[in-house]
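Here's the structure, in structure tokens; my notes come after.
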Amino acid sequence: MSIPRGAVATMRWAAAESRREGSAAPGAAPAEAVEVAEALAAGLGEGPIDLVLAFMTADLTGAAEAIAETMRRRLAPGCFAATSGGSVIGATREYESGPALTAIAARLPGVEVKPFVLASSAWRAAADDPAEFARHTPGAAGAELVLLFTDPFSLDADRVLYAFNRHAPGVRVVGGAASAGARPGANVIALNDWVAHEGGIGIALAGALRADVVVSQGCRPVGPPLQVTKVDTNMILELDGQPALERAEQVLRGLSESEREMLKHGLYVGRPAKGDASGRGDYLIRNLMGADRDRGALAVADRMAARERVRLHVRDAATALEDLELLLAPQEFDSQAAGALLFSCNGRGRRFFGAPDRDITTLQAALGGDVPAAGFFCAGEIGPVGGRNFVHGHTASIAIVRGPRTTTPASEKP
């Protein structure tokens, strides 16, 4: 159990985690929820609690309602939300096996916390009608940050983000898709007294806080940019005017020995996240699902578009760590962070890096350590690139929260 603390002005955050083995006695509150709630209360001290975010592993989803009820009863937060993940992240550790519950809580004076439920049926209208969008996302327009948690089997997160990009341009959305189960109904998402196995939730934060958002890729581009010259939904039929499979094989034959070695971790297609995509971090990574040799086509886990310029990518732990460190480097020159949220791809972690806790350790090192933090491993991470919000793969999407800037930093003074 750890209870890291952080405070900026009167804003205060605390994080806690528990991985007790066994289950509670019939009718008793889940021990993990009791332990975490008590630690959060101690970490925040006297006063109201405005926000609690909890993340639970698959082993605890059967007790999700009891966990939510216990934490709400003991903490009485203005807003409580929970999501299930295959693995969860605490302030200093990533729990990749066994039952675990992590959480982060905050006292947010001067901050508006506006939660909303996302239902699949609403988004066809919300994507096209700004009035419908506003009705389903109270507080989102003009928010400093929106947190978004979805069930990947029942809610089209791409459509939700399309609506945000269209009707709330410039608002940054961070979060991820629940990953505790590989079939419909296996995940849990909760918002206050609403607990469900489908849909999603959002929380808009506005007012006396500021957030830095970092989206770090886990892949690196190889070979030259390739133009999609013929496509059929998710099937790339031609690249650079040649059969797609043939052109991709030409690129692979030209790779260096070290790059070919990385192919054992898989081959991916990078779609441009912005028009001038030129290097790593500028692409949305999509799984390459296979090839149709009869048609010379490549199947991609996304709907492709003609004339877009894509690049092949490989997964590379060294590049991923270097990219994360580089993007987090400016944090060392900012004021002390109050809290942080980390949403990593479920393909990262120990198996990818060869060592445990890489993402959270790197984040804490950049923030100076002992910053309240929590999150989970996602089946799709949500974050902005180039001013627009996307669902990513193989990334770490991070929100770092501070109080409002009250003085001009030396670097910005004339």
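Overview of results
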{"read-out": "Any chance R247 is without any contact (Cβ under 8 Å) to a residue 24 or more places away in the chain and either surrounded by 15 or more Cβ atoms within 10 Å (Cβ to Cβ) or under 27 Å from A340 (Cβ atoms) (or both)", "value": "yes"}
{"read-out": "Scan of the stretch 33-63 for residues that are of a type in the set (G, A, S) and either crowded, with 24+ Cβ neighbours inside 10 Å or assigned to a loop (DSSP other than H, G, I, E, B) (or both), ordered by number", "value": "A33, A37, G45, G47, A54"}
{"read-out": "Of the criteria (1) touching a residue at least 40 places away in the same chain (Cβ under 8 Å); (2) among the acidic types (D, E); (3) not in a loop (DSSP other than H, G, I, E, B), which one D302 fails", "value": "(3)"}
{"read-out": "Subset of the stretch 112-145 (residues that are β-branched (V, I, T) and crowded, with 22+ Cβ neighbours inside 10 Å)", "value": "T137"}
{"read-out": "Residue count, the stretch 64-96 (criterion: more than 28 Å from P109 (Cα to Cα), touching a strand residue (DSSP E or B) at 6+ places or on another chain (Cβ under 9 Å) and assigned to a helix (DSSP H, G or I))", "value": "2"}
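Listed here are the residues, each with its yes/no results for (1) buried (at least 21 other Cβ atoms within 10 Å of the Cβ); (2) of a type outside the set (G, A, S); (3) at pLDDT 95 or above.
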residue: A306; (1), (2), (3): no, no, no
residue: R358; (1), (2), (3): yes, yes, yes
residue: G369; (1), (2), (3): no, no, no
residue: A373; (1), (2), (3): yes, no, yes
residue: G383; (1), (2), (3): yes, no, yes
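For (1) farther than 21 Å from H392 by Cα; (2) hydroxyl-bearing (S, T, Y); (3) in a loop (DSSP other than H, G, I, E, B), each residue gets a yes or a no:
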residue: A186; (1), (2), (3): yes, no, yes
residue: E198; (1), (2), (3): no, no, yes
residue: G202; (1), (2), (3): no, no, no
residue: I236; (1), (2), (3): no, no, no
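The values are calculated or read from the model by the stated rules, or taken from the named source; none is laboratory data. Note that the coordinates shown come from a computational prediction; the quantities given were computed from them, not determined experimentally. Here the Cβ is made from the backbone with ideal geometry for all residues, glycine too, and neighbour counts use every protein chain on show.
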